[in-house]
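Here is the structure we will look at.
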Amino acid sequence: MQLTRFREEYAHLIETYTLSEEQLRFTGHPVESVALCRVNPNRHAILGIEDAVLVTYFALHEQEGVQRFSDNPAAILLRTFSTDYHHLGKGYGKGALERLPAFMQQAFPHIEEIVLAVNEGNELARRLYEKGGYQDTGRRVMGRKGMLIVMSCPVSVHV
């Protein structure tokens, strides 16, 4: 699997990306996220592609996006992280998290810390992030879908 920035030639992959109702309880659909990325230069849509198939998706949000979750000006927020429903359980989420630090070094060399906020009720995602090297910061923020646990990982830890 390769991580790549969204380009318009990938729009058809976004439109056919499938999330279950359970997944949508905790995350947004990439169609909505890409629309926000198109109008905000601080939001970056990132695709995890395996054999020309979109298997994972997330957005990276700089500056105003991360300010609620971190005081570090060199932090970036990982948001709307998901794996296509048809590819769950195949290791793509874990693979995306493993590849992210090296991707960050190339695409965002000014970033030192990746921050994310996971819903308290999303135990499966929290365990995935912990295995990926993210640690609970102790910070809690109320989100649209419930209380969020803020987690963080220095980029340099993995490089």
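The values are calculated or read from the model by the stated rules, or taken from the named source; none is laboratory data. Computed from a predicted structure; not experimentally measured. No Cβ is skipped: glycine too gets one built from the backbone with ideal geometry, and neighbour counts run over all protein chains shown.
Selection over region 1-27 of residues that are part of a loop (DSSP other than H, G, I, E, B), among the basic types (Lys, Arg) and under 22 Å from PHE108 (Cβ atoms) gives a count of 1. Look at GLU22 and say whether it is farther than 17 Å from TYR92 by Cα and modelled with pLDDT under 95. Against the criterion (farther than 17 Å from TYR92 by Cα and modelled with pLDDT under 95), GLU22 qualifies. Considering only residues that are out of contact with any helix residue (DSSP H, G or I) (no Cβ under 8 Å at 6 or more places or on another chain) and of a type outside the set (D, E, K, R), which ones fall in region 41-69? Correct list: PRO41, ALA52, LEU60, HIS61, GLN63, GLY65, VAL66, GLN67, PHE69. Among the residues making up region 85-108, a single one is of a type in the set (A, V, I, L, M) and farther than 17 Å from ARG5 by Cα: LEU88. Return the residue satisfying two criteria in turn: it lies in region 49-67 and is closer than 15 Å to ILE114 by Cβ and small (Gly, Ala, Ser), and of such residues it is modelled with the lowest pLDDT. Filtering region 49-67 for residues that are closer than 15 Å to ILE114 by Cβ and small (Gly, Ala, Ser), the one modelled with the lowest pLDDT comes out as GLY65. Which ones in region 15-48 are β-branched (Val, Ile, Thr) and surrounded by fewer than 19 Cβ atoms within 10 Å (Cβ to Cβ)? Across region 15-48, the qualifying residues are THR16, THR18, VAL31, VAL39.
For region 135-151, a residue qualifies if it is touching a residue at least 24 places away in the same chain (Cβ under 8 Å) and closer than 14 Å to THR80 by Cβ, and the qualifying residues are GLY143, LYS145, LEU148. Working only within region 135-159, note down all residues that are outside any strand (DSSP E or B) and more than 15 Å from ARG79 (Cα to Cα). Listed by number, the residues that qualify are VAL155, SER156, VAL157, HIS158, VAL159.
Considering only residues that are under 12 Å from the mean Cα position of the chain (by Cα) and of a type in the set (A, V, I, L, M), look in region 53-101 and name the one that is surrounded by the fewest Cβ atoms within 10 Å (Cβ to Cβ). Here the answer is ALA59.
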